[in-house]
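Data block below; observations after.
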Amino acid sequence: MSSTRHDVGTIAWVESPFQLLSAIEATFAGALVPPVEVHLRGPTSTYRPLLDLVARHPVPSLRIWAASEPSVAADAGQWATELAIGDLFSGQAAAILARCRDLDLVVLDDGSSTHRALELVGRRTASLVRPRSSDAPARWAAGLIAHRLVRARSRGRMRAVSGLPILPGSQIAVRVDGHDFEWSRSVRVDVGFPDTDLVVLGTALAADGLIGRQHYDEWLRRQFDGSRGRAVYLPHRRDATHRSRQIRRLGGTVGSAGGLPVELVARNLAPGTRVVTLPSTTVMTVPLVAPDVRLECWDVPAYWWAPSASPAVRRLVDGIASSSSSTFDLFIESALRPVGSTGR
């Protein structure tokens, strides 16, 4: 790709479908300097369903480069005004930051940990360590990004664009420009299971071994007990294969988000459909994108946690669960009961 262009306003480095959705929404809301050029890390197949959806519902001033490389994005950055990144812990983003020192920085949504990272940027001794990582291997990328972000923040050259509500007590150190998922709310997709009345979302907590397998499997059994085939399980992308077999034995159906962020799937469910989840980003996003479904968030009891779950992960998960009531006017119940539900 040639770098002899002068028509780039924002270069965005994207490493997951949810980050791509965040870039799309930020562009659609006019929150990024146009034109916006999004560079995708990894194979095109990872993003294909969302790319196809953008092709059917175009976003003005948005260009997307699939299967890009940090060096290509950095080269294009010489013509840009600002650089947008989603994963503040990424070594790939660190490589781009090292070469794009003069660009204003924009942080895109990358899930519930993004706001926590933005709080850390406000500290003079910020240490951006991925919450699920141990402190054992030194992360030079985290140190480089932390230094770069703290410097940009102190110079007033850093902001965030987010569709997530800012939780009570949050101490985010930069300006946050919001959007309301307008593009997501305007598109229609075929979810493939229109007659269901219950959708259970798989969780990275189980996929990454942060909670006990037996506790999670028992929780799933409770959700699907008596569902009579009308319940759908949407596995996490790293979910164990045995879990799909378990769901089918319980009489449920294993569905697929088709590579799309779950927010877009929830948007196209029938009004009143129950969407059940453990604490995750979806607790904050689904009610905004799909207000007509009934979201139920269940807490994680202390005895579920595996030894590998760091205190930072536990605080983040507990914070999402405890804040959901004040954020969405939910009701509170005890452990192993839903933390709350939304919907009409």
³J(HN,Hα) across region 194-209 via Karplus (A = 6.51, B = -1.76, C = 1.60, θ = phi - 60°), whole Hz, x for Gly/Pro? x, 9, 6, 10, 8, 10, 9, 8, x, 10, 5, 4, 7, 4, 9, x
For region 157-164, what does the Karplus curve 6.51 cos²θ - 1.76 cosθ + 1.60, with θ = phi - 60°, yield as ³J(HN,Hα) per residue in whole Hz, taken in order and with x for Gly and Pro? 10, 9, 8, 10, 10, 8, x, 7
Run the Debye formula on the Cα coordinates of region 10-185, all scatterers equal and no solvent, and tell me log10 I(q)/I(0) at q = 0.12, 0.16, 0.17 1/Å. -0.50, -0.92, -1.05
From the phi angles alone, apply the Karplus equation (6.51, -1.76, 1.60; θ = phi - 60°) to region 310-315 and give each ³J(HN,Hα) in whole Hz, x where the residue is Gly or Pro. 6, x, 5, 5, 5, 5
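To make sure I understand, if each residue's beta carbon is the centre and we count other beta carbons within 10 Å, what order do S310, S71 fall in, fewest to most?
Values: S310 18, S71 11.
Fewest to most other Cβ atoms nearby, the residues stand as S71, S310.
Using a 10 Å cut-off around each Cβ, can you sort I64, I85 from fewest to most neighbouring Cβ atoms?
Values: I64 22, I85 27.
So the ranking, lowest neighbour count to highest, is I64, I85.
What is the Å³ per residue value for the convex hull set by the Cα atoms of region 188-341?
Values: hull volume 16.1 nm³, N = 154.
In region 188-341, the Cα convex hull volume per residue is 105 Å³.
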Counting sequence-distant residues (5 or more places) and residues on other chains, those with an amide H built under 5 Å from that of A231 are T253
What does the net charge come to around Q214 if you take all other residues with beta carbon closer than 14 Å to its beta carbon, with K and R at +1 and D and E at -1? +2
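Bear in mind these aren't lab numbers, they're just calculated from the coordinates by the rules spelled out. Treat the numbers as computed from the prediction; the structure is a model and nothing was measured. Using ideal geometry, Cβ is built from the backbone for each residue, glycine included, and neighbour counts are taken over all protein chains shown.
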